[in-house]
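Student: My structure is below; once you've seen it, I'll send some questions.
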Amino acid sequence: NLPTYMFRTRGGRTSCPYEGATVAKYYQPEKQHILSAATMQIEVPKIAVTGGAYRVQVPSTRAAAYTLELTNESETDGTGNFKLFVDEITNPNGAVLKIDGLPIGNGRYFTVRSGQTLRKTLTIEKGPTVDAYNDIRLILASDCDGNLSSDIWISAEYLPSCSDVSIKYPANNWIINTETGDNISVELENYDVNFSNFGYVELQYRSVTASQWSSAMKFYANQTRYDNAQGDKTLLTSNAQSIEYDWHKGQRPDGEYEFRAHTVCATTGGVQVAEYYTPAVRGTVDMIKPVSLGAPSPVNGIYGAGDELSVTFNENINTAMVISDNIAVTYGASKTVVPVT
């Protein structure tokens, strides 16, 4: 047998990496003979969440908030350099996590002294597709020794919501009259057919004197939902970025009307879980031209100096349009045009 040297650790403190005890592997392994004593651990990362790790009924437009406590339970009154990061496997639905308002991203770095409690505000914002985020894992680890770590599991559940939508056209004060024809093009945009439980987009209308809205058309992105739907419906193309629909006056009376867009999110069984409405846009349907009431003034048909020349109509007219280009004054059986200014 040849002699050899053996080095033993008898004490000390270590980090990067931490050196624990070394025991005999082959000689009486059941007795765990110590070859090198464990050193004192400089970095002992610990993470905790105060006030509970679960948030429920969070409005979908707000973030769930938590207070984290980061500590270093060092055996040597030392300082630890730690990395806080998310186990991405536990966040498949894209919740957005931030520390003190800044994204965690690939990790945030903190220096924590022994005996110090570093408090940080964690926020979780809802991702694009689901309302519940269960057991997202946060890890606080030594920056140079990944074997030293501590973790917590947090969850957030948001109130059900549905895709936004907006009316691109028309704007308020739209008009349908004899010049425009009896229909108007309505364009909807900014909806997300990939939203969780997305059902359909609906265009609704009503007379301003009515209390109830009527459905003009429902637009579906899913073939099965479309097939099972009742009433007026349209199947959207897979790459549709907006919806265009021609709304016709039909037999509806003249007057003021409103449009609004509506999204519905429902389970595949048809149970509605959320909906969204746009503000209404108001306009006027005026397909009947003004009619003069009686004969124009002067009623005897003879215009004298100082007489008023006027016509009374059965409805209000746009006085801004009463210009020489839009009216004609005639006299006599020959309908001779009188120049006006």
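Student: Report the residue count in segment 46-88 for those that are outside any loop (DSSP other than H, G, I, E, B), acidic (Asp, Glu) and in contact (Cβ under 8 Å) with a residue 40 or more places away in the chain. Please lay out each step first, then the result.
Tutor: So the first thing to find is which residues in segment 46-88 are outside any loop (DSSP other than H, G, I, E, B), and the list is 46-50, 54-58, 64-72, 79-86, 88.
So of that shortlist, the ones also acidic (Asp, Glu) come out as 69, 88.
With the extra rule that they be in contact (Cβ under 8 Å) with a residue 40 or more places away in the chain, the set shrinks to 69.
The number of residues fulfilling the criteria is 1.
Student: Turning to a different aspect of this structure: Take residues that are touching a Cys at 6+ places or on another chain (Cβ under 6 Å) and either modelled with pLDDT of 90 or more or surrounded by 10 or more Cβ atoms within 10 Å (Cβ to Cβ) (or both) and tell me which of the strands (runs of 3 or more DSSP E) falling wholly in segment 233-341 contain 3 or more. Outline the logic, then answer.
Tutor: Values: elements: 233-235, 242-248, 255-266, 272-277, 281-286, 329-331, 336-338.
So the answer is 272-277.
Student: With Gly105, Gly52, Gly146, Gly94 as the choices, which residue is touching a Gly at 6+ places or on another chain (Cβ under 7 Å) and exposed (fewer than 14 other Cβ atoms within 10 Å of the Cβ)?
Tutor: Details: Gly105 fails: touching a Gly at 6+ places or on another chain (Cβ under 7 Å); Gly52 fails: touching a Gly at 6+ places or on another chain (Cβ under 7 Å); Gly146 fails: touching a Gly at 6+ places or on another chain (Cβ under 7 Å).
Exactly one residue qualifies, and that residue is Gly94.
Student: Answer with yes or no whether Ile167 is of a type in the set (A, V, I, L, M), more than 26 Å from Tyr133 (Cα to Cα), in contact with a strand residue (DSSP E or B) (Cβ under 8 Å, 6 or more places away or on another chain) and not in a loop (DSSP other than H, G, I, E, B). Lay out the reasoning, then the answer.
Tutor: On the way: of a type in the set (A, V, I, L, M): yes; more than 26 Å from Tyr133 (Cα to Cα): yes; in contact with a strand residue (DSSP E or B) (Cβ under 8 Å, 6 or more places away or on another chain): yes; not in a loop (DSSP other than H, G, I, E, B): yes.
Here the answer is yes, as Ile167 does meet what is asked.
Student: Is segment 204-214 home to any residue that is polar (S, T, N, Q), closer than 30 Å to Gly107 by Cβ and either outside any strand (DSSP E or B) or modelled with pLDDT under 95 (or both)?
Tutor: To start, the set of residues in segment 204-214 that are polar (S, T, N, Q) comprises 204, 207, 209, 211-212, 214.
With the extra rule that they be closer than 30 Å to Gly107 by Cβ, the set shrinks to none.
No.
Student: Same structure again: Take the residues in segment 89-113 that are among the aliphatic types (A, V, I, L, M) and either in contact with a strand residue (DSSP E or B) (Cβ under 6 Å, 6 or more places away or on another chain) or assigned to a loop (DSSP other than H, G, I, E, B) (or both); name whichever of them is farthest from Cys162 (Cα to Cα).
Tutor: We begin by selecting, within segment 89-113, every residue among the aliphatic types (A, V, I, L, M); these are 89, 95-97, 99, 102, 104, 112.
When the remaining residues are screened for being either in contact with a strand residue (DSSP E or B) (Cβ under 6 Å, 6 or more places away or on another chain) or assigned to a loop (DSSP other than H, G, I, E, B) (or both), the result is 95-97, 99, 104, 112.
Details: Ala95: 16, Val96: 18, Leu97: 21, Ile99: 27, Ile104: 27, Val112: 42 Å.
Filtering segment 89-113 for residues that are among the aliphatic types (A, V, I, L, M) and either in contact with a strand residue (DSSP E or B) (Cβ under 6 Å, 6 or more places away or on another chain) or assigned to a loop (DSSP other than H, G, I, E, B) (or both), the one farthest from Cys162 (Cα to Cα) comes out as Val112.
Student: Kindly establish whether Asp135 is among the acidic types (Asp, Glu), out of contact with any Leu (no Cβ under 8 Å at 6 or more places or on another chain), touching a residue at least 40 places away in the same chain (Cβ under 8 Å) and surrounded by 14 or more Cβ atoms within 10 Å (Cβ to Cβ). Spell out the reasoning first.
Tutor: Details: among the acidic types (Asp, Glu): yes; out of contact with any Leu (no Cβ under 8 Å at 6 or more places or on another chain): yes; touching a residue at least 40 places away in the same chain (Cβ under 8 Å): yes; surrounded by 14 or more Cβ atoms within 10 Å (Cβ to Cβ): no.
Criteria not met by Asp135.
Student: Have a look at Val96, Val112, Val23, Val86 and point out the one that is modelled with pLDDT under 95, under 20 Å from Ile152 (Cβ atoms) and of a type in the set (Val, Ile, Thr).
Tutor: Working: Val96 fails: modelled with pLDDT under 95; Val23 fails: under 20 Å from Ile152 (Cβ atoms); Val86 fails: modelled with pLDDT under 95.
On inspection, the qualifying residue turns out to be Val112.
Student: Take segment 185-228 and flag every residue that is buried (at least 20 other Cβ atoms within 10 Å of the Cβ) and of a type in the set (Val, Ile, Thr).
Tutor: Across segment 185-228, the qualifying residues are Val186, Val201.
Student: Determine which single condition Gly181 fails, assuming it passes every other condition in (1) assigned to a strand (DSSP E or B); (2) farther than 30 Å from Val96 by Cβ.
Tutor: Checking Gly181 against (1) assigned to a strand (DSSP E or B); (2) farther than 30 Å from Val96 by Cβ, the one that fails is (1).
Student: If you check every pair at least six apart or on different chains, which have Cβ atoms under 7 Å apart with a residue in segment 225-237 that is closer than 16 Å to Gln204 by Cβ first and a residue that is small (Gly, Ala, Ser) second?
Tutor: Cβ pairs passing all conditions: Gly231/Ser215; Asp232/Ser215.
The values are calculated or read from the model by the stated rules, or taken from the named source; none is laboratory data. Because the structure is predicted, anything quoted here is derived from the model rather than measured. So basically every Cβ, Gly included, is an ideal-geometry build from the backbone, and we count neighbours across all protein chains shown.
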